[in-house]
1. Looking at the range 32-48, which of the residues that are outside any loop (DSSP other than H, G, I, E, B) and surrounded by 12 or more Cβ atoms within 10 Å (Cβ to Cβ) is nearest to the chain's Cα centre (by Cα)?
2. For the range 5-28, enumerate the residues that are part of a loop (DSSP other than H, G, I, E, B) and surrounded by 11 or more Cβ atoms within 10 Å (Cβ to Cβ).
Amino acid sequence: MAIDWDRRTCARKGHVTYAPDDPRLRIRLHADTALGEVWRCLRCGDFA
């Protein structure tokens with residue numbers, strides 16, 4: 001079993017998110033859910 005060090009770092013230190021001004025990049029990093037908006041973590045790729 002391989003360890004995903006990016007996820008381990010996010011579990012310890014928190015996710016790194018970013019809200020860009022460029023609309024094309026913003027679409028790729030942002031999503032709306034029933035609970036509100038979420039942003040993709042730049043480190044591990046999960047939405048937080």
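1. To start, the set of residues in the range 32-48 that are outside any loop (DSSP other than H, G, I, E, B) comprises 32-33, 36-40, 47.
After this cut, where a residue has to be surrounded by 12 or more Cβ atoms within 10 Å (Cβ to Cβ) as well, the list is 38-40, 47.
Working: V38: 8, W39: 5, R40: 2, F47: 4 Å.
Step by step, filter the range 32-48, then rank; the result is R40.
2. Going through the range 5-28, the residues part of a loop (DSSP other than H, G, I, E, B) turn out to be 14-22.
Across the range 5-28, the qualifying residues are G14, H15, V16, T17, Y18, P20.
Read-outs throughout are calculated quantities, based only on the coordinates presented, and are distinct from any laboratory measurement. For clarity, every value in this text was computed on a predicted model and none was experimentally measured. Quick reminder, even Gly has a Cβ in these numbers, built from the backbone with ideal geometry, and neighbours come from all protein chains shown.
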